[in-house]
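Below: the structure, in structure tokens.
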Amino acid sequence: MLELFSDPQVWASLLTLTALEIVLGIDNIIFISIMAAKLPVHQQQKARQLGLALALVMRLALLASISWVATLTEPLITVLGMGFSGRDLILLGGGLFLLAKGTIEIHNTVEGHEEDSAAPKLASFGAVVGQIIVLDIVFSLDSVITAVGMSNDLPVMVTAVVIAMAVMLFAARPVGDFVNRHVTVKMLALSFLLLVGVALIADGFGFHIPKGYLYFAIAFSTLVEALNLMAAARRKRKKAEAH
């Protein structure tokens, strides 16, 4: 084990894989943050921590059964001459779930259903955690397949996943609070989930969309929104100074 990490190439692989796992975990953090916001304030942090802990457990379990994960890429059923593997079916299901959930959340946000009543209806802890688990399975499978494709050393993959999840756990609360504090940022986050859902469905049908395109789109949109927020804050400050 120690000899393995004395190799500079192993460290380079670890750093690269860790960075990639963190990037791949962004959509996980966004979904968990949006779902946790539906809970009472005192339960939100617990939901975030439980969601990320379950994601870590699922990733480690999948890494421990790499041989089984490999079988998920073999054709399982054939529909209209097109073969679908277990992985394809999971990605299709997850993509459809993200599209449906993202659309519902955007509808509720735009229509203002969450603010229509003085006491908005809160979701149950079990329902929120259940939905987080469903998406954790999809994101974990995608993450592990990526890790397996980049490294052949199980200790390196496990270390990268653990480090990435620790970073995500640290970032989950501030990211979640920021997203839910700004409606426009929340809309961007939901739009990002729709993009990820489309990418998962396409992947399930055998059309791979490089994640780099998706992350560039959301990064550019986030930059534009950051400039908008800075401009709004400047206008607010000047208005306060004028009074």
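The values are calculated or read from the model by the stated rules, or taken from the named source; none is laboratory data. Quick caveat: nothing in here was measured; it's all calculated off a predicted structure. Ideal geometry is used to build each Cβ from the backbone, glycine not excepted, and the neighbour counts take in all protein chains shown. Quick note on the areas: whole protein, heavy atoms, side chains included, nothing else; ligands and nucleic acids left out. Shrake-Rupley method; radii C 1.70, N 1.55, O 1.52, S 1.80 Å.
Some values worked out for this structure:
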quantity: Total residues in region 28-49, condition more than 20 Å from residue 109 (Cβ to Cβ) and open to solvent by 40 Å² or more (accessible area, probe 1.4 Å); calculated: 5
quantity: Number of positions in region 189-243 that are in contact (Cβ under 8 Å) with a residue 12 or more places away in the chain and under 24 Å from residue 175 (Cβ atoms); calculated: 22
quantity: Residues satisfying the stated conditions in region 192-243, i.e. among the β-branched types (Val, Ile, Thr) and under 22 Å from residue 89 (Cα atoms); calculated: 196, 198, 201, 209
quantity: Neighbours by Cβ (under 6 Å, 6+ apart or cross-chain): first from region 106-133, surrounded by 12 or more Cβ atoms within 10 Å (Cβ to Cβ); second at pLDDT below 55; calculated: 108/114; 114/120
quantity: Residues within region 195-213 that are among the hydrophobic types (A, V, I, L, M, F, W, C) and surrounded by fewer than 18 Cβ atoms within 10 Å (Cβ to Cβ), tallied; calculated: 5
quantity: Condition check for residue 236: charged (D, E, K, R) and open to solvent by 60 Å² or more (accessible area, probe 1.4 Å); calculated: yes
quantity: Checklist (1) among the hydrophobic types (A, V, I, L, M, F, W, C); (2) modelled with pLDDT of 85 or more; (3) part of a helix (DSSP H, G or I) applied to residue 207, failing item; calculated: (3)
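Listed here are the residues, each with its yes/no results for (1) in a helix (DSSP H, G or I); (2) modelled with pLDDT under 80; (3) within 14 Å of the chain's Cα centre (by Cα).
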{"position": "145", "(1), (2), (3)": "yes, yes, no"}
{"position": "155", "(1), (2), (3)": "yes, yes, no"}
{"position": "164", "(1), (2), (3)": "yes, no, yes"}
{"position": "170", "(1), (2), (3)": "yes, no, no"}
{"position": "178", "(1), (2), (3)": "yes, no, no"}
{"position": "184", "(1), (2), (3)": "yes, no, no"}
{"position": "190", "(1), (2), (3)": "yes, no, yes"}
